[in-house]
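A.B. asks: My questions all concern the structure below.
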Amino acid sequence: MSSHVVRRRTILRAAALGPVGGLAAGCAELARVTGLGDPVRVAVSWSATELAAFQRVLGARADDCELVPLGDDIDAALGANATYRLDMVAVPRPKLVLANVDRLAPLPDDVWKPDYDEIWPGGLAARDGRHYALPFKLAHASVVWYRKSLFAEHGLRAPTNWSEWLDLNDRITEQAGIAPLALGGADGWLLAQFFANVLLRHFDGTYDALVRGAPGAWAAGDVRAAFGMVAAMWGRPDALSGGAERALVAQFPEAVLAVFHHHEAAMVPAPDFAESVIREFDALDDDVDKFTFPAAPGLGPRLVATGDLLVLTAPSRPAAGDLIRHLSGPEAPVPWITGTGGFIAANRKTDLSHYTQNLRELAMELRSSDPRFDLSDQVVLGDVLKRVLQDLLRALAAGTAPAAAADTAARAMADAERAAP
Amino acid sequence: MSMEVRTRDGLRLEVAGREVTGGLRAPAGRDGWSYLLGLPALVLVVLLMVPMAWTLVWALSAPWGVGNLVDVLTDPDALRAGWHSVLWVGIGLVLLVAGYVIAVLSRLVSGLWRVLLYLMILPFGVSAMVSGAVFRMLFDPNSARGTVSALFGEVVWLGPGLIWWVLGSAFAWSWLGFVVVLFRAGLDANAGVGHRFGRLVLPRAGPVTSIVVLTVLVAAIRVFDLVLIATPGSIVPDVDVVGLHWWQLTTDSTDQGRPAALAVLLFVVVAALSLIGTRGMGRVTPPEPVPMKEPASERTRWWSWVIGLGIGLVWTLPLVVLVATALHDPPAAGTGGWWRLSGLGFGSFAAVADTWLWPALTGSLFIAGPATLLVVACAVPAAYLLTWRLPRRAAAALIVLLGVLAVAPVQMYAGPLGDVFSGSKASLVLVHAAAGLPFATLVLRAAFAAAPRVGVDRRPALDEVWRRGRYRPALVAVTVLEFVLVWNDFIVSFLIGGPADSPLALLLWGEARQFATSAGPVAAGAVVSAIVPVAILLVTWRTVVAGLTGESVR
């Protein structure tokens with residue numbers, strides 16, 4: 001009922017404001033062409049729901065800002081070839097900040113909180129005691145979401161180690177008659193996070209070696225073992241919703257919907273922001289639960305995390321400094337947390353009561369854990385890894401035996417490392 | 001009608017059957033000042049050619065000059081992309097043959113034809129971005145959402161292999177109407193005249209043929225945004241084309257040489273196509289006109305009806321899908337098909353109106369409007385000079401040059417321009433105008449040359465071109481085509497403006513990153529972005545066709 005009212009109100013507002021919005025935008029446009037107005041230009045990698053959520057975070061300030069949704073091309077915002085002036089960039093990869101620190105302005109003094117250093121020790125750019133990147137959004141990327149009612153109905157329990165998970169998958173296939181997993185293979189980053197979880201939570205030494213860029217790290221036996229575990233799970237008959245080929249062309253939100261809306265699968269490995277998809281598509285909140293990626297004994301506290309950092313381009317304008325100061329406040333992201341969901345604030349002062357039950361638990365686990373930034377965002381071969389995992393999925397779809405597919409994948413990574421300059 | 005005779009030493013004579021196509025006499029000396037009229041066009045052409053030369057320099061600035069070219073030609077990924085571009089030319093050829101056959105058949109069913117034409121020309125006003133989005137919705141592998149999957153079971157249409165059918169049909173949907181309409185106009189103008197190919201005599205479509213062939217083949221080889229939006233990220237290697245591979249090269253590294261070499265290779269192929277094509281544009285009559293009778297047996301007539309009806313249905317479906325999807329609220333559009341009655345509402349329109357729609361609309365308008373004005377203002381004097389003032393040899397050489405520039409892929413000048421331009425709207429307008437000028441000038445020149453005349457061999461003054469009714473269709477045609485082209489543009493803004501100056505197509509693409517679940521907002525944005533060009537085209541297409549074919553408005 002209430003959602004009905006909201007929706008109608010949205011439409012009425014859109015209908016009423018539409019022409020005005022057009023006019024206002026037109027005026028802003030005129031102002032820009034004539035050089036009178038000068039909005040703060042903020043480049044973000046978000047699109048669709050997340051972009052709308054960030055707009056709500058900006059609130060009244062949105063009028064003085066121009067959002068530039070760059071998607072996967074966010075690298076270009078900081079690159080040498082950036083041809084347009086940006087004031088602020090929301091960077092999804094810490095290494096981008098480190099690589100481009102010369103083009104950035106230091107943060108305003110009062111913005112930095114000492115506990116930010118604990119988020120990724122050594123991962124946040126600083127020079128001469130001044131910081132260059134403000135953590136804004138954190139994401140817990142070691143999550144597997146599942147439908148509570150399905151687990152209850154068949155007496156299933158969340159797995160605590162890898163072999164339990166494999167057994168669970170088989171039981172779901174047999175008892176529930178649906179696929180245990182939904183996978184968004186069209187989004188290479190999602191597959192890469194799955195792989196990163198397997199690696200970090202079983203072979204953490206190798207994970208660290210890869211991040212360090214140790215020579216020959218990709219040729220390690222642990223890497224092959226991790227590929228083998230991944231291929232064995234994905235390659236089990238009927239393991240993937242719609243089959244491996246469907247999984248290959250499905251994007252991350254489709255995989256989430258396959259579990260929570262279409263009920264075609266039982267579980268979906270996806271980061272905390274899957275919650276925004278679940279909420280947008282009206283899944284029942286009390287049917288949503290999650291478990292943390294199973295780990296080898298003793299490796300529990302090490303989690304895969306991602307996040308978005310806000311940086312200012314040099315020379316920075318006072319208006320941009322004001323905006324980043326506003327966004328650093330604990331209450332700033334609350335409209336995103338309550339309105340859209342799937343957001344964990346980097347600022348620890350943000351009141352936990354704003355979160356839903358699931359997100360609060362994830363936020364708390366993230367705080368008490370030992371988070372490692374996602375592998376593919378840190379290593380040179382990150383994009384190669386995504387492609388290799390998609391090829392692995394493709395091989396499984398074509399009927400290749402899992403072990404052979406894993407061998408090919410491991411060899412491809414080792415070869416790519418050897419060929420890299 | 002005129003005929004051409006070539007003597008052995010290359011001298012070309014025209015035998016006037018109706019009237020001559022250009023001034024045979026050398027222009028009088030006092031006409032010299034009028035060449036100044038071509039100055040604005042010249043500036044734009046230079047703006048286009050300098051970065052192209054720069055790209056060539058980048059491509060050749062490697063050890064022994066050809067290092068980059070060798071690199072590209074030995075890179076398996078680039079070769080695969082090249083092969084895919086060749087496949088696209090094949091798709092273009094199939095489309096041309098199909099369009100010709102439909103145009104011939106359409107002459108037999110005049111009543112149905114009128115309706116069919118309106119249906120077929122509609123998608124031509126729709127951007128490649130939008131048509132790619134519609135076909136990705138149609139072929140969604142989830143049978144709860146995808147129309148084709150719901151009808152024919154869960155075949156993974158977007159997977160490797162079958163994705164080519166999706167892309168090919170999206171391309172055909174956009175272009176077939178254009179091909180049919182122009183061929184049909186050409187056939188009508190040349191009724192009763194045929195072409196002999198060995199034993200086969202085919203109805204002749206006249207000089208418009210070369211415009212159609214050139215436009216479609218160049219569009220096929222320049223395919224970019226269609227692939228980008230319709231293909232899931234994991235499948236892109238299966239349909240990677242040269243233009244797309246160029247973009248990956250430029251984003252993956254700071255090396256300028258290899259992408260430049262790739263752009264040069266693409267340009268050489270397209271330019272060769274264009275040279276073959278414009279050879280036809282210079283002429284008014286091909287060598288061997290054969291009188292022929294229209295085949296009009298009952299059997300052919302019956303088949304024409306069936307084919308016409310079939311095409312009519314198939315051609316409407318994507319538009320129905322688009323509008324119906326947009327009329328569902330985002331959650332309903334993201335989880336169910338367009339045919340469901342639950343979840344109807346304006347929520348998807350509200351969602352885009354709340355975020356990016358209005359700035360994008362004004363952005364597109366502020367780019368497309370001025371760019372069109374600039375192109376028309378520069379192209380009309382240039383075409384006037386080419387048709388009536390310049391010496392024949394100089395005009396012929398310039399036509400060849402313009403033909404080559406008209407088809408130059410954006411990748412050929414995007415690199416250096418992107419480095420220089422600030423990505424402001426003004427610079428985008430300028431680039432669009434420069435890119436659009438050669439084609440506009442060629443179309444205008446062809447239309448001026450082919451327009452019905454009063455008197456014999458009379459050269460009008462420039463202001464008569466603007467004033468006189470008989471040249472107006474050509475002006476309308478160029479204005480409409482240029483506006484639609486720039487309005488629907490993705491690649492120029494994307495590669496040169498950078499995503500910061502986001503017109504509609506760019507924001508639509510951002511929205512489509514989470515394609516299936518954003519179906520509602522994507523469709524709503526697509527509907528709004530398509531309304532403007534489609535409406536303009538529907539209102540003006542008769543004049544446009546007349547302008548392109550040099551006919552008077554029927």
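A.B. asks: Which of the following residues is under 17 Å from the mean Cα position of the chain (by Cα), more than 14 Å from every other protein chain (Cβ to nearest Cβ) and touching a residue at least 24 places away in the same chain (Cβ under 8 Å): B:Val400, B:Val410?
C.D. replies: B:Val410
A.B. asks: Another question, then. Can you name every residue in the range B:339-375 that is more than 8 Å from chain A (Cβ to nearest Cβ), buried (at least 20 other Cβ atoms within 10 Å of the Cβ) and either at pLDDT 90 or above or at positive phi (or both)?
C.D. replies: B:Ser348, B:Ile367, B:Ala368, B:Ala371, B:Thr372, B:Leu374, B:Val375
A.B. asks: Can I ask one more? Residue check: is A:Arg360 free of Cβ contacts under 8 Å to residues at least 12 places away in the same chain and either within 22 Å of the chain's Cα centre (by Cα) or over 24 Å from A:Ala250 (Cβ atoms) (or both)?
C.D. replies: So A:Arg360 fits the description; yes.
A.B. asks: If I go through the range B:248-280 residue by residue, how many of them are within 14 Å of chain A (Cβ to nearest Cβ), surrounded by fewer than 21 Cβ atoms within 10 Å (Cβ to Cβ) and not polar (S, T, N, Q)?
C.D. replies: Residues flagged as within 14 Å of chain A (Cβ to nearest Cβ), surrounded by fewer than 21 Cβ atoms within 10 Å (Cβ to Cβ) and not polar (S, T, N, Q) within the range B:248-280 amount to 2.
A.B. asks: Could you identify the single residue in A:Leu30, A:Leu12, A:Leu86, A:Leu104 that is more than 8 Å from chain B (Cβ to nearest Cβ) and either surrounded by 18 or more Cβ atoms within 10 Å (Cβ to Cβ) or at pLDDT 80 or above (or both)?
C.D. replies: Answer to the check: A:Leu104.
A.B. asks: Please specify each residue of the range A:107-153 satisfying the condition of being exposed (fewer than 13 other Cβ atoms within 10 Å of the Cβ) and not in a helix (DSSP H, G or I).
C.D. replies: A:Pro121, A:Gly122, A:Arg127, A:Asp128, A:Gly129, A:Arg130, listed by residue number.
A.B. asks: Which of the residues spanning the range B:215-256 are without any contact (Cβ under 8 Å) to a residue 40 or more places away in the chain, under 18 Å from A:Lys386 (Cα atoms) and charged (D, E, K, R)?
C.D. replies: The answer is B:Asp252, and nothing else.
A.B. asks: Of all residues in the range A:335-360, which are surrounded by 18 or more Cβ atoms within 10 Å (Cβ to Cβ) and either out of contact with any Ser or Thr (no Cβ under 7 Å at 6 or more places or on another chain) or closer than 15 Å to A:Pro135 by Cα (or both)?
C.D. replies: Matches in the range A:335-360: A:Pro335, A:Trp336, A:Ile337, A:Phe343, A:Ile344, A:Ala345, A:Ala346, A:Asn347, A:Thr350, A:Tyr355, A:Asn358, A:Leu359.
Let's see how each residue does on (1) surrounded by fewer than 21 Cβ atoms within 10 Å (Cβ to Cβ); (2) aromatic (Phe, Trp, Tyr):
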| residue | (1), (2) |
| --- | --- |
| B:Met120 | no, no |
| B:Ala128 | no, no |
| B:Met137 | no, no |
| B:Ser143 | yes, no |
| B:Leu151 | yes, no |
| B:Phe171 | no, yes |
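A.B. asks: Another question, then. Collect the residues in the range B:508-527 that are more than 21 Å from the chain's Cα centre (by Cα), hydrophobic (A, V, I, L, M, F, W, C) and under 20 Å from A:Leu67 (Cβ atoms), keeping them in residue-number order.
C.D. replies: B:Ala512, B:Val522, B:Ala524
A.B. asks: Might you let me know whether the range B:416-433 holds any residue that is buried (at least 19 other Cβ atoms within 10 Å of the Cβ), under 22 Å from B:Val212 (Cβ atoms) and among the hydrophobic types (A, V, I, L, M, F, W, C)?
C.D. replies: There is no residue in the range B:416-433 that is buried (at least 19 other Cβ atoms within 10 Å of the Cβ), under 22 Å from B:Val212 (Cβ atoms) and among the hydrophobic types (A, V, I, L, M, F, W, C).
A.B. asks: A further question on this structure: Do we find that B:Pro331 is touching an Asp or Glu at 6+ places or on another chain (Cβ under 8 Å), more than 19 Å from B:Lys425 (Cα to Cα) and either facing another protein chain (nearest Cβ under 8 Å) or at pLDDT 90 or above (or both) in this structure?
C.D. replies: yes
A.B. asks: Right, next: Scan (1) away from every other protein chain (no Cβ under 12 Å); (2) touching a Phe, Trp or Tyr at 6+ places or on another chain (Cβ under 7 Å) for the single condition A:Lys386 breaks and write down its number.
C.D. replies: Among (1) away from every other protein chain (no Cβ under 12 Å); (2) touching a Phe, Trp or Tyr at 6+ places or on another chain (Cβ under 7 Å), A:Lys386 violates only (1).
A.B. asks: Would you pick out the residues in the range A:58-68 that are under 18 Å from A:Pro333 (Cβ atoms) and in a helix (DSSP H, G or I)?
C.D. replies: Matches in the range A:58-68: A:Leu58, A:Gly59, A:Ala60, A:Arg61, A:Ala62.
A.B. asks: Would you confirm whether or not the range A:283-301 contains a residue that is modelled with pLDDT of 90 or more, touching a strand residue (DSSP E or B) at 6+ places or on another chain (Cβ under 8 Å), on the phi > 0 side of the Ramachandran plot and surrounded by fewer than 23 Cβ atoms within 10 Å (Cβ to Cβ)?
C.D. replies: no
A.B. asks: I would also like to ask the following. Could you please give the count of residues in the range A:42-57 that are within 8 Å of chain B (Cβ to nearest Cβ) and not in a helix (DSSP H, G or I)?
C.D. replies: So the count comes out to 2.
Yes/no per residue for (1) small (Gly, Ala, Ser); (2) within 22 Å of B:Ala406 (Cβ to Cβ); (3) in contact with an Asp or Glu (Cβ under 6 Å, 6 or more places away or on another chain):
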{"residue": "B:Leu39", "(1), (2), (3)": "no, yes, no"}
{"residue": "B:Met52", "(1), (2), (3)": "no, yes, no"}
{"residue": "B:Thr74", "(1), (2), (3)": "no, no, no"}
{"residue": "B:Ala78", "(1), (2), (3)": "yes, no, no"}
{"residue": "B:Leu96", "(1), (2), (3)": "no, yes, no"}
{"residue": "B:Val104", "(1), (2), (3)": "no, no, no"}
{"residue": "B:Arg107", "(1), (2), (3)": "no, no, no"}
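A.B. asks: Does any residue of the range A:238-256 turn out to be touching a residue at least 12 places away in the same chain (Cβ under 8 Å), surrounded by fewer than 18 Cβ atoms within 10 Å (Cβ to Cβ), on the phi > 0 side of the Ramachandran plot and more than 13 Å from chain B (Cβ to nearest Cβ)?
C.D. replies: yes
A.B. asks: Given the residues B:Thr55, B:Thr7, which is the only one that is farther than 20 Å from B:Tyr384 by Cβ and modelled with pLDDT under 90? Please lay out each step first, then the result.
C.D. replies: Working: B:Thr55 fails: modelled with pLDDT under 90.
B:Thr7 is the lone residue from the list that is farther than 20 Å from B:Tyr384 by Cβ and modelled with pLDDT under 90.
A.B. asks: Oh, and also: Taking the condition of being touching a residue at least 60 places away in the same chain (Cβ under 8 Å) and either under 25 Å from A:Ser142 (Cβ atoms) or more than 14 Å from every other protein chain (Cβ to nearest Cβ) (or both), how many residues in the range A:401-417 meet it?
C.D. replies: So in the range A:401-417, the residues touching a residue at least 60 places away in the same chain (Cβ under 8 Å) come out as A:401-403, A:405-407, A:409-410, A:413-414, A:416-417.
Those left that are additionally either under 25 Å from A:Ser142 (Cβ atoms) or more than 14 Å from every other protein chain (Cβ to nearest Cβ) (or both): A:401-403, A:405-407, A:409-410, A:413-414, A:417.
Counting residues in the range A:401-417 that are touching a residue at least 60 places away in the same chain (Cβ under 8 Å) and either under 25 Å from A:Ser142 (Cβ atoms) or more than 14 Å from every other protein chain (Cβ to nearest Cβ) (or both) gives 11.
A.B. asks: Taking only the range A:220-247 into account, find how many residues are touching a strand residue (DSSP E or B) at 6+ places or on another chain (Cβ under 9 Å) and not in a loop (DSSP other than H, G, I, E, B).
C.D. replies: The total comes to 6.
The values are calculated or read from the model by the stated rules, or taken from the named source; none is laboratory data. Computed from a prediction, not measured in an experiment: that's the story for all the values here. A quick note on method: Cβ atoms are made from the backbone with ideal geometry, for glycine too, and the neighbour counts reach across all protein chains shown.
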